Each structure stands twice: as structure tokens, then as C-alpha cells.
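Participant: Please see the structure below; I have some questions.
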Amino acid sequence: MAGKSVDCRYSAANRAEILRSRIDTTRALHRAVATAAHPPRLWVNSSTATIYRHADDSPMTEADGEIGEGFSVNVATTWEHEFFRGELPGTRRVALRTAIVLGDGSALTPLRRLARLGLGGPQLDGRWPATRRRLAAGTYHSYRPASKGGRQRFSWIHLDDLVGIVRFLDTHPELEGAINASAPNPTDNRTFMRSVRRAVGAPFGLPTFRWMLELGSAVIRTESELVLKSRWVLPERLLAAGYEFRHPTHDEALAAIVRPDSTAGARA
């Protein structure tokens with residue numbers, strides 16, 4: 001919870017703080033665990049599914065997933081290196097490579113708002129000129145024709161399952177190292193946005209093109225990579241260990257999140 005949010009513009013200052021807030025916190029925790037008279041038997045640290053490459057051809061698992069490149073990936077790999085360095089003989093370590101979390105708030109809030117405004121269509125990739133600054137910083141999103149039409153993959157996890165996984169890890173000492181925390185049924189951007197519209201009762205949704213995303217993200221101070229990168233991640237190790245997902249499909253997960261809100265609104 002100490003890491004600076006990646007929902008910001010990747011200026012030099014913000015990039016430095018995104019990295020520093022994660023590395024320094026993990027280093028301090030590492031020092032505390034190493035020097036504790038009674039160290040914890042389990043240390044679960046956050047990581048990110050963004051560590052994998054832009055994947056629109058095959059899913060990424062812990063066994064054969066390919067590490068990507070660029071600023072966000074560098075943050076993830078440096079973060080995990082700091083977490084796993086050295087010996088902590090009394091403590092089992094797990095890095096949760098977490099997909100986009102769906103819950104009451106977070107990433108779902110702006111998507112629900114867009115859907116209710118009639119802008120809940122797919123976010124469409126396209127060509128966009130690269131600047132030297134973004135190329136040097138590793139923050140430029142390269143267009144991949146295979147992901148056009150809103151078909152970039154969308155890996156996600158419901159907040160209930162994220163909590164459930166932490167509890168599951170506590171009772172399964174055979175699990176350590178990197179673990180993909182993502183639902184077993186990823187979807188794509190176009191399908192997910194259709195489900196968001198259905199969940200909030202929006203009859204239609206206009207698409208958002210790359211040029212609109214680039215201009216809009218500059219205005220609201222965020223990055224287009226957050227919606228254009230194809231994240232296709234599978235929780236291979238959790239499934240093999242017997243974890244049963246409470247929310248395995250995105251339609252049901254969205255309904256579980258949005259309906260309580262809608263019911264409360266009706267009562268009010």
C-alpha cells in the first residue's frame with residue numbers, strides 16, 4: 001500500500017517515485033524480517049502481472065511466461081529482485097503478480113463512469129508518433145496490429161479472490177516464489193467493456209481511438225499503456241495447488257460488484 005500509484009503521467013519525477021516507493025519499502029521490510037527475533041513464517045509481497053510482455057498470441061504462466069521490456073517491466077523486475085535477494089531461512093516468500101483488481105473502486109470506477117456517459121466502447125489501439133523522451137524512458141506503447149479492434153487481452157481478478165489467495169497461501173507451504181494472481185478466464189478489452197455496459201445498464205458505448213486516448217491521458221495525467229497493453233495471464237500454480245476461484249468469470253464478477261451498488265441506490 002506504500003507504492004505510488006501508476007495511474008499518473010510518467011514524468012521523470014513520477015517514475016523515480018514509483019520505483020523508490022516500492023524498492024525502499026521492500027528493502028525496509030527485508031531488513032526487519034532478517035533481524036527479527038521471531039521472523040514471520042510467510043511474507044507475501046505485491047508484484048504485478050505487467051512484468052510479462054505484451055501478449056496477444058499466447059497466455060503467460062509462471063513456468064513459461066516471457067518477461068517484457070520498458071519502464072513498467074523494469075519496475076517489476078527490480079521490485080522482485082529486491083524482494084527475493086539474500087537468505088531468509090525462517091520465512092517463505094511469495095510475490096503476487098497481480099492482474100487488474102476489480103472491486104468497489106480502483107480501476108473499475110472510471111470504466112463505469114465512462115459507460116454511463118455513453119463512452120463505454122472498446123479502447124482501440126493504433127499508430128501514434130513516438131517521442132525521444134518516451135522512447136528513452138521506456139514509456140512508449142508500440143502499436144501491434146494483432147491487438148487492433150479492442151482485442152488486447154484483459155487479465156483481472158476480483159478483490160474477494162485476492163484476499164482468498166493470501167489466505168490460501170498461508171495454508172499451503174509448498175507455494176513460494178512468483179505466483180500469478182489472476183482469474184482463470186481472462187477476456188479482451190472489447191468483451192470486457194461490453195460487460196461493463198451491461199452491468200451498469202448502458203444501451204451503447206462509443207469506442208475510444210488511440211489518438212483520443214493519448215490526448216485524454218495527457219489531460220488527466222495518466223498513460224495510455226494502462227489500457228492498451230495486452231495482458232494475458234493465467235494462474236497456473238494456484239490452479240494446480242487446488243485454489244477454487246470465487247469469481248472465475250468477469251460477467252459474474254462485475255455483477256457481484258455493481259448490483260449491490262445499484263440496489264443501495266434504489267433503496268436510497
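Participant: Scanning for something under 25 Å from Leu238 (Cβ atoms), at pLDDT below 95 and surrounded by fewer than 16 Cβ atoms within 10 Å (Cβ to Cβ), does segment 38-49 turn up at least one residue?
Facilitator: Scanning segment 38-49, I find no residue that is under 25 Å from Leu238 (Cβ atoms), at pLDDT below 95 and surrounded by fewer than 16 Cβ atoms within 10 Å (Cβ to Cβ), so the answer is no.
Participant: Exactly one condition in (1) under 26 Å from Ser11 (Cα atoms); (2) at pLDDT 95 or above is not met by Leu88; state its number.
Facilitator: (1)
Participant: Output the residue which, of all residues in segment 232-242 that are under 20 Å from the mean Cα position of the chain (by Cα) and either assigned to a loop (DSSP other than H, G, I, E, B) or at pLDDT below 90 (or both), is surrounded by the fewest Cβ atoms within 10 Å (Cβ to Cβ). If you could, list the steps in order and put the result at the bottom.
Facilitator: So the first thing to find is which residues in segment 232-242 are under 20 Å from the mean Cα position of the chain (by Cα), and the list is 232-239.
From what's left, either assigned to a loop (DSSP other than H, G, I, E, B) or at pLDDT below 90 (or both): 232, 234-235.
Values: Trp232: 24, Leu234: 21, Pro235: 26.
Filtering first and then ranking leaves Leu234.
Participant: Additional query: Filter segment 127-153 down to the residues that are farther than 25 Å from Arg15 by Cβ and over 20 Å from the mean Cα position of the chain (by Cα), then identify the one that is surrounded by the fewest Cβ atoms within 10 Å (Cβ to Cβ).
Facilitator: Pro145
Participant: Return the residues of segment 216-231 that are among the acidic types (Asp, Glu) and either part of a helix (DSSP H, G or I) or over 19 Å from Gln123 (Cα atoms) (or both); say none if nothing qualifies.
Facilitator: Keep residues of segment 216-231 that are among the acidic types (Asp, Glu), which gives 223, 225.
Hit for segment 216-231 is Glu225, nothing else.
Participant: I would also like to ask the following. Could you give every pair whose Cβ atoms fall below 7 Å, whose first residue belongs to segment 7-21 and is of a type in the set (Ser, Thr, Tyr), and whose second residue is surrounded by 13 or more Cβ atoms within 10 Å (Cβ to Cβ) and not in a loop (DSSP other than H, G, I, E, B), counting only separations of at least 6 or pairs across chains?
Facilitator: Listed pairs, sorted by first residue: Tyr10/Phe71; Tyr10/Ala137.
Participant: In a strand (DSSP E or B), on the phi < 0 side of the Ramachandran plot and at pLDDT 95 or above: is that true of Arg31 in this structure? Give the derivation first.
Facilitator: On the way: in a strand (DSSP E or B): no; on the phi < 0 side of the Ramachandran plot: yes; at pLDDT 95 or above: yes.
The answer is no for Arg31.
Participant: Identify all residues within segment 89-118 that are over 22 Å from the mean Cα position of the chain (by Cα), of a type outside the set (D, E, K, R) and surrounded by 13 or more Cβ atoms within 10 Å (Cβ to Cβ); write none if there are none.
Facilitator: From segment 89-118, those over 22 Å from the mean Cα position of the chain (by Cα) are 89-92, 116-118; that's our starting set.
Restricting the remaining residues to those that are of a type outside the set (D, E, K, R) gives 89-91, 117-118.
If the condition is that a residue be over 22 Å from the mean Cα position of the chain (by Cα), of a type outside the set (D, E, K, R) and surrounded by 13 or more Cβ atoms within 10 Å (Cβ to Cβ), then Thr91, Gly118 are the ones that fit.
Participant: Can you name every one of the helices (runs of 4 or more DSSP H) wholly within segment 107-178 that holds 1 or more residues which are touching a Ser or Thr at 6+ places or on another chain (Cβ under 8 Å) and within 24 Å of Arg41 (Cα to Cα)? So that I can check it myself, show each step before the final result.
Facilitator: Values: elements: 108-116, 132-137, 159-170.
The helices (runs of 4 or more DSSP H) meeting that bar are 159-170.
Participant: Considering each of Ser5, Ser21, Ser46 in turn, give the residue that is small (Gly, Ala, Ser), under 15 Å from Ala99 (Cα atoms) and not in a loop (DSSP other than H, G, I, E, B).
Facilitator: Details: Ser5 fails: not in a loop (DSSP other than H, G, I, E, B); Ser21 fails: under 15 Å from Ala99 (Cα atoms).
That would be Ser46, the only listed residue that is small (Gly, Ala, Ser), under 15 Å from Ala99 (Cα atoms) and not in a loop (DSSP other than H, G, I, E, B).
Participant: Also, I was wondering about something else. Taking segment 174-226 as the region of interest, how many residues are out of contact with any His (no Cβ under 7 Å at 6 or more places or on another chain), of a type in the set (D, E, K, R) and within 24 Å of Asp57 (Cα to Cα)?
Facilitator: 5
Participant: Report yes if some residue within segment 66-75 is free of Cβ contacts under 8 Å to residues at least 24 places away in the same chain, of a type outside the set (A, V, I, L, M), surrounded by fewer than 19 Cβ atoms within 10 Å (Cβ to Cβ) and over 20 Å from Asp7 (Cα atoms); otherwise report no.
Facilitator: yes
Participant: Taking Thr208 as meeting all but one of (1) within 16 Å of Trp128 (Cβ to Cβ); (2) among the β-branched types (Val, Ile, Thr); (3) at pLDDT below 90, write down the number of the exception.
Facilitator: (3)
Participant: Would you pick out the residues in segment 67-105 that are among the aliphatic types (A, V, I, L, M) and either in a strand (DSSP E or B) or over 30 Å from Pro248 (Cα atoms) (or both)?
Facilitator: Taking segment 67-105 and keeping what is among the aliphatic types (A, V, I, L, M), we get 67, 73, 75-76, 88, 94-96, 99-102.
Selection gives Ile67, Leu88, Val94, Ala95, Leu96, Ile100, Val101, Leu102.
The values are calculated or read from the model by the stated rules, or taken from the named source; none is laboratory data. Computed from a predicted model, the values in this text were never measured in an experiment. Methodologically, a virtual Cβ is constructed for each residue, glycine included, from the backbone with ideal geometry; neighbour enumeration extends over all protein chains shown.
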